Amino acid sequence: MDGLDYAFSLIAKKRYTSKELQERLEKKGFNSEPIINRLKELNYINDLEYAIDYKNKKQNEGYGKYKILFNLKNKGIKEDILNSLDFSNDKIEEVFFKKIQKIKGDKKSKIYAFLVNRGFDSNDVKNLIYKYEDKL
């Protein structure tokens, strides 16, 4: 099996960023640069589309901007693509209300830690806690 066939067998199973695919190819001993370039020409690899799809999926799952950006950066997405992504805070209240029903004890500090860990902006979390302080 040559490198391009191996790359096709990988991307047939799941999507990869350029960096992720490069690492997999080099691990198998292939020269990844011409293979990656060919797959980009054929539009089988597109880091911008990957980043947009990943962002949308994770936002719908209740993750915030900073967690998503951190994960995309670890997947090898370049800064210019990361900077071009638009984020919304639509899910923060939904995640907030789901979580406060499950928390016992000191709800303010626990909900703050949970939402910040999920990647939401700390100021947005503080404002949300202040706004719904009577519910805690």
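The values are calculated or read from the model by the stated rules, or taken from the named source; none is laboratory data. From a predicted model like this one, the values you see are computed outputs, not experimental measurements. We place every Cβ from the backbone using ideal geometry, glycine too, and count neighbours over all the protein chains shown. These area figures cover heavy atoms from the full protein model, side chains too; ligands, DNA and RNA do not enter into them. Shrake-Rupley method; radii C 1.70, N 1.55, O 1.52, S 1.80 Å.
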Exercise for review: Obtain the radius of gyration and the Kirkwood radius of the chain from its C-alpha atoms and give Rg over Rh.
Suggested key: 1.15
Revision key, fill the gap. Sequence order, segment 6-11: Karplus ³J(HN,Hα) from phi using 6.51 cos²θ - 1.76 cosθ + 1.60, θ = phi - 60°, Hz rounded, Gly and Pro as x, gives 4, 4, 4, 5, 6, 6
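Want the number for residue 106 to residue 12: 0.36 nm per residue separation, take away the alpha-carbon distance, what's left? Don't jump to the answer; show the numbers that get you there.
Details: separation 94, 0.36 × 94 = 33.84 nm, distance 4.71 nm.
Extending this stretch completely gives an extra 29.1 nm.
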Exercise for review: In whole Hz, with x marking every Gly and Pro, tabulate ³J(HN,Hα) for segment 59-73 from phi via Karplus 6.51 cos²θ - 1.76 cosθ + 1.60, θ = phi - 60°.
Suggested key: 5, 5, 7, x, 9, x, 3, 5, 5, 5, 4, 4, 5, 5, 5
Exercise for review: Would you kindly derive the ³J(HN,Hα) couplings of segment 115-126 from the backbone phi angles with the Karplus curve 6.51 cos²θ - 1.76 cosθ + 1.60 (θ = phi - 60°), listing them in order in whole Hz, with x for Gly and Pro?
Suggested key: 5, 5, 5, 6, x, 7, 5, 4, 5, 5, 5, 4
Review point. In debye, nearest 20: dipole of segment 70-132 around its Cα centre with unit charges on the Cβ of K, R (+) and D, E (-)?
Key: 520 debye
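Please list 88, 18 from largest to smallest accessible area, probe radius 1.4 Å, with all protein chains kept in place.
Reading off the accessible areas and sorting them downward yields 88, 18.
Give the carbon-plus-sulfur fraction of the accessible surface of segment 21-107 in %, rounded to a whole number; probe 1.4 Å, heavy atoms of protein chains only.
Roughly 45 percent of what the probe reaches on segment 21-107 is carbon or sulfur.
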Study note, to complete from the structure: Ranking 47, 5, 124 from most to least accessible area with a 1.4 Å probe gives 5, 124, 47
**Study point:** Solvent-accessible area per residue for the chain (1.4 angstrom probe, square angstrom)
**Key:** 64 Å²
